[in-house]
Amino acid sequence: MNNEVAIFQQEIEAQKSQLQSILPEHLPVERFIRASIVAVQTNPGVLNADRQSLFNALTRCAGDGLVPDNREAALVEFNTNIGNKQAPNWIKKIQYMPMVDGVLKRARQSGEVAVITARAVHENDEFNYWVDENGEHLKHRPSFESDRGAIKLVYAMAKMKSGDVIVEPMTLADVNKVKAASKTSGSGPWVDWFERMALKSALHRLARRLPNSSEIMEMLSNDNWMYDFNNERKQQALPSSRNAEPESNTVSKAQIDEINKALKFAGVSELDFCKKLRIGSMEELEKARFQASLDFLNRYIDSQQAIEHQGVEQ
């Protein structure tokens, strides 16, 4: 153990009682401290950053009941200007970022989720996602060949204890839009752990639809520092059209009109449709789910018309 790590160990041991007061009962303070020491040994660069920011990050991590082991959570370096444009003064700071296993852990602890997972789908996998009168469904059979092919999409899925299934698929194009909005798209987590960041993006969308999701969303907001969601940044991040308006992940007005037309033919209210998909309004319907929803409504209309036709013939 080098001198810098030894000094850090003394500093974090001195904060043991404070950490213990905010850690949940299931996470012993000794385990959290050990994981923190391993984290700085694995990435000693964090010890060269602003020390107060490091302990602030560890405190937030402890408050969420996660350990900074690069699976549940990670400590990420970033540059920040504590000066101004005329007299910049750049220093390194540390931010805490929840990772895939941490999001899954918190969701399972909610008490309402029976199963939750996030997976990447490769070109040689078998995958299908659809919506019918019983809700959302997916079928994913991973290929066990030596070459599964490149990743083509990711998804997050939760089965509630009530039996309801919630699915959030994201195409690679959707994932790359999230990555493009990141201030660190060319380095850091999006380069070192692309698949895990892609899976977390799908979980982020899924979390919005889970019951009692406020705590999970609050935890996920800890990595909002990575993203610049103003229009100027998004325009610069889009390689195909730097001056175009950023493309939304939700359906357009024309697509909403198309769904509403199908709902009218099907005799299904917009309120019931939104409840089935666990969204607050039609404006929250995401593009990845638009076609599956429309296909289901059209199949339902066809089946109803067939039943009516059979009744006439009889």
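Could you look through the stretch 76-93, keep only residues that are of a type in the set (Lys, Arg) and within 21 Å of SER36 (Cα to Cα), and pick out the one that is surrounded by the fewest Cβ atoms within 10 Å (Cβ to Cβ)?
Here the answer is LYS92.
Determine the pairs where a residue that is farther than 17 Å from ARG106 by Cβ, located within the stretch 20-31, has a partner that is not polar (S, T, N, Q) and not in a helix (DSSP H, G or I) with Cβ atoms under 6 Å apart, the partner being 6 or more residues away or on another chain.
Listed pairs, sorted by first residue: VAL29/LEU23.
So which residues in the stretch 182-200 are surrounded by 19 or more Cβ atoms within 10 Å (Cβ to Cβ) and either at pLDDT 90 or above or not in a helix (DSSP H, G or I) (or both), if there are any at all?
SER182, ALA198, LEU199
Restricting to the stretch 97-134, name every residue that is assigned to a strand (DSSP E or B), among the small types (Gly, Ala, Ser) and buried (at least 16 other Cβ atoms within 10 Å of the Cβ).
The answer is ALA118, ALA120.
Looking only at the stretch 37-57, which residues are over 28 Å from ASN89 (Cα atoms) and touching a helix residue (DSSP H, G or I) at 6+ places or on another chain (Cβ under 6 Å)?
Scanning the stretch 37-57 gives a single hit, ILE37.
For ARG148, which of the numbered conditions (1) surrounded by fewer than 14 Cβ atoms within 10 Å (Cβ to Cβ); (2) assigned to a loop (DSSP other than H, G, I, E, B) fails to hold?
ARG148 satisfies every listed condition except (1).
Surrounded by 13 or more Cβ atoms within 10 Å (Cβ to Cβ) and under 24 Å from the mean Cα position of the chain (by Cα): is that true of ASN43 in this structure? Spell out how you get there, then give the answer.
Values: surrounded by 13 or more Cβ atoms within 10 Å (Cβ to Cβ): yes; under 24 Å from the mean Cα position of the chain (by Cα): no.
For ASN43, the condition - surrounded by 13 or more Cβ atoms within 10 Å (Cβ to Cβ) and under 24 Å from the mean Cα position of the chain (by Cα) - is not met.
For (1) out of contact with any Lys or Arg (no Cβ under 9 Å at 6 or more places or on another chain); (2) outside the structural domain of GLY186 (by TED's automatic domain parsing); (3) without any contact (Cβ under 8 Å) to a residue 40 or more places away in the chain, each residue gets a yes or a no:
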{"residue": "ALA87", "(1), (2), (3)": "yes, yes, yes"}
{"residue": "SER110", "(1), (2), (3)": "yes, no, no"}
{"residue": "HIS122", "(1), (2), (3)": "no, no, yes"}
{"residue": "LEU138", "(1), (2), (3)": "yes, no, yes"}
{"residue": "MET157", "(1), (2), (3)": "no, no, no"}
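Going residue by residue through the stretch 55-64, is there one that turns out to be polar (S, T, N, Q) and over 21 Å from SER185 (Cα atoms)?
Yes.
The values are calculated or read from the model by the stated rules, or taken from the named source; none is laboratory data. Bear in mind that the values here come from a model prediction, so they are computed numbers and not experimental data. Because the Cβ atoms are built from the backbone with ideal geometry, glycine has one as well, and the counts that use them run over all protein chains shown.
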